[in-house]
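Here's the structure we're looking at; comments come further down.
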Amino acid sequence: MMALTPQKSPQKPPQLPRTIWIWWVILLVLMIWNIVSFWPKSRPEVNLPYTTFLAQVRADNVAGARIVGDQISGSFVKPLQWPQADASAPTSPPSPTTAAPSGATAPSPPDKQAPPASADKQAAPPPAVYSDFTTTFPQALGDPSLLPLLESHRVAVAVSSPPTHWLMLLLTEGLPIVFLVAFFLLAGRQAARGQSGLFGFGRSKARRYAHDHPEVTFAEVAGAGEAKLELLEEVDFLRNPQKYHDLGARIPRGVLLVGPPGTGKTLLARAVAGEAGVPFFSLSASEFVEMFVGVGASRVRDLFVQAKAAAPSIVFIDELDAVGRRRGAGVGATNDEREQTLNQLLVEMDGFDERQEVIVLAATNRPDVLDPALLRPGRFDRQVMVSIPDREGREGILRIHTQKLPLAPEVNLVLVARSTTGFSGADLANLCNEAALNAARQNRNQVIMADFDAALDKIVLGEARPRLQDPEERRIVAYHESGHALVAWLTPEADPVHKVTIMPHGRALGVTSQMPGEDHYNFSRAYLLARLAVMLGGRTAEEIVLGDVTTGAESDLTQATRLARRMVTRWGMGDLGLVAFEVDEEHPFLGYELAQGRDYSEATAARIDQDVQRLLAERHEYARRLLTEAQASLHHLAQALLQEEAVNRDA
């Protein structure tokens, strides 16, 4: 009914679990080991001119060479001293200098003087001895004699392709490491936030609403007065638990909200939390179940650990039938994960401390499929029925949902409430929204009564489609709908006709809408017989006027047959007497139905079929008699529909 935005209460910033730091240390050690192991081991090498390299080859001082692109590297047979003392000297391996005779002095040129020794040391670095070399091959000039020269001097030559570009190395070697680091960062962040991730796979996904979030109170819930009265005791227990503990009372720990979809079960649960002012844990039962066996049970344990730590608190489980289905039912293999999750839920609910201030609220619209162990006292002690709202309840719900709508003074919510019999709270919220959308499409500043009428037609009858173009088709539909409307008008027990139209809506070519004056909770046999006659009125009108039948009565015949069968088999309104038979076409468990079979014989089944056919034949004859006597009115109404396309009860 009201949409709430979850807001987290201010809490201390979460800390990373200890296991996260262990994983980070392991990752760091692996990266350091990777770098140390695969880091290239460099050896000192000299960068020689190309001519010096050729000289060393001719001097048989090159042991091996490796050619990679335009780079040549290799090793010497004997280490080379570089730079050499005399650049003009032949580039051969260093040899001892021939010493001058003793007592003799080497003559020096008269026109040159040797520079000072200190100047030589400053001009060139001291020579060093190298075992490896590298040089650049002149690719632009080319040297076709290089390989023959290397081969003649028995130099081992290795040729390889140029090294990969640094960008390719980054993509092939570095990218996996980047992904690994990003994965650990993401996993650590998810674990720190308490979300389900690599390290929180078995943690509960429940959303927690603290007492400081925008609260929903019982004042904002309309149309469920009986349910609110039953839940007030739970609110009082959460507000004043000591009063009950002092008397030795045990408050019901589990409350199951049962009702059709859209009746406000979730809203009631939030209203209980808002009235009590306690933390509220909300999740769907389907969030427990995963493909891995044991994960759901782990999440159940974690949920109740959090709820007990925040006690007094409320745990709300929506759509309980997703995990609480009857065990051992159905055909084929069972779902071990779902059954283990259910077992853990049973244990947690039955293992509460008597003084533990935790209440479990659950909601379902299929209580017939739940496991009996869930519904026994001690687990879900109470079942609160949340039914479709009555007229006063609908009026209250409409007032809540129209608070923010600019309504025109002519809008009568009492009349709208009377026109929406059978609507749930969600349906009424949708009605108000559709009315506002229709007003916006018409460029109006206020929502008028016509917008609510258009929204009601769209919801009840379906979206309007283009009109029928074939005159014969329009004539058939006009007489068909006139038959429905006229039988309803002439039958006192039938609901009043609200509107008849031959404009296609949804999947129907025409629609006859009936609106009961008051809400019905108990249907008489006369009322049900009147409904059967109205359903068969369209087909009967085709027979009288057209002398033929069409396929337009398919939906009418299906609904009439279903209603007649229920009258015979469930409500004892046929010739079989006060006997009820289990003939539920929507049995929740196929395995049980196949195992148990029918509880009546084939002869009884034949009598049921005969009784259903008798009921339909009697109502068909009743409708034929009414329409034959009022054939003039039938033609008049059909002509009005062909001209106006829609006729309401005020026309």
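The values are calculated or read from the model by the stated rules, or taken from the named source; none is laboratory data. The structure displayed is predicted, hence computed values, not measured ones. Here the Cβ positions follow ideal geometry from the backbone for every residue, glycine too, while neighbour counts run over all protein chains shown.
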Would you check if ALA206 is surrounded by fewer than 18 Cβ atoms within 10 Å (Cβ to Cβ) and modelled with pLDDT under 75? no
Can you tell which of ASP470, ASP451 is more than 25 Å from PRO260 (Cβ to Cβ), surrounded by 20 or more Cβ atoms within 10 Å (Cβ to Cβ) and among the acidic types (Asp, Glu)? ASP451
Within segment 472-484, does at least one residue satisfy the condition of being in the same structural domain as ALA530 (by TED's automatic domain parsing) and in a loop (DSSP other than H, G, I, E, B)? no
Output for Cβ contacts, cut-off 7 Å, separation at least six or different chains, first residue in contact (Cβ under 8 Å) with a residue 24 or more places away in the chain and not assigned by TED's automatic domain parsing to the domain that holds GLU220 in segment 417-444, second among the small types (Gly, Ala, Ser) and part of a helix (DSSP H, G or I), reads LEU431/ALA455; GLU434/ALA455; ALA435/ALA455
Could you tell me whether any residue of segment 330-342 is assigned to a loop (DSSP other than H, G, I, E, B), at pLDDT 85 or above and surrounded by 15 or more Cβ atoms within 10 Å (Cβ to Cβ)? no
Residue, modelled with the highest pLDDT, within segment 346-365, restricted to residues that are outside any strand (DSSP E or B) and in contact with a Leu (Cβ under 9 Å, 6 or more places away or on another chain): LEU346
Could you tell me whether any residue of segment 403-412 is touching a residue at least 12 places away in the same chain (Cβ under 8 Å), closer than 27 Å to PRO504 by Cβ and not in a helix (DSSP H, G or I)? no
Selection count where residues are at positive phi and either at pLDDT below 85 or in a helix (DSSP H, G or I) (or both), scope segment 58-90: 1
How many residues does segment 227-254 contain that are basic (Lys, Arg) and part of a helix (DSSP H, G or I)? 3
For segment 424-447, which positions are out of contact with any Leu (no Cβ under 7 Å at 6 or more places or on another chain) and crowded, with 18+ Cβ neighbours inside 10 Å? SER424, GLY425, ASP427, ALA429, GLU434, ALA435, ASN438, ALA439
Expected single match for over 21 Å from SER145 (Cα atoms) and either modelled with pLDDT under 85 or out of contact with any strand residue (DSSP E or B) (no Cβ under 8 Å at 6 or more places or on another chain) (or both) among ALA119, ALA55 is ALA119
May I ask you to list the residues in segment 500-528 that are touching a Leu at 6+ places or on another chain (Cβ under 8 Å) and not in a loop (DSSP other than H, G, I, E, B)? VAL500, THR501, HIS505, ALA508, VAL511, SER513, LEU528
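Residues checked against (1) in a loop (DSSP other than H, G, I, E, B); (2) assigned by TED's automatic domain parsing to the domain that holds GLU319; (3) at pLDDT 80 or above:
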{"residue": "LEU256", "(1), (2), (3)": "no, yes, yes"}
{"residue": "GLY262", "(1), (2), (3)": "yes, yes, yes"}
{"residue": "LEU268", "(1), (2), (3)": "no, yes, yes"}
{"residue": "PHE281", "(1), (2), (3)": "no, yes, yes"}
{"residue": "VAL289", "(1), (2), (3)": "yes, yes, no"}
{"residue": "PHE292", "(1), (2), (3)": "yes, yes, no"}
{"residue": "GLY296", "(1), (2), (3)": "no, yes, no"}
{"residue": "ARG299", "(1), (2), (3)": "no, yes, yes"}
{"residue": "LEU303", "(1), (2), (3)": "no, yes, yes"}
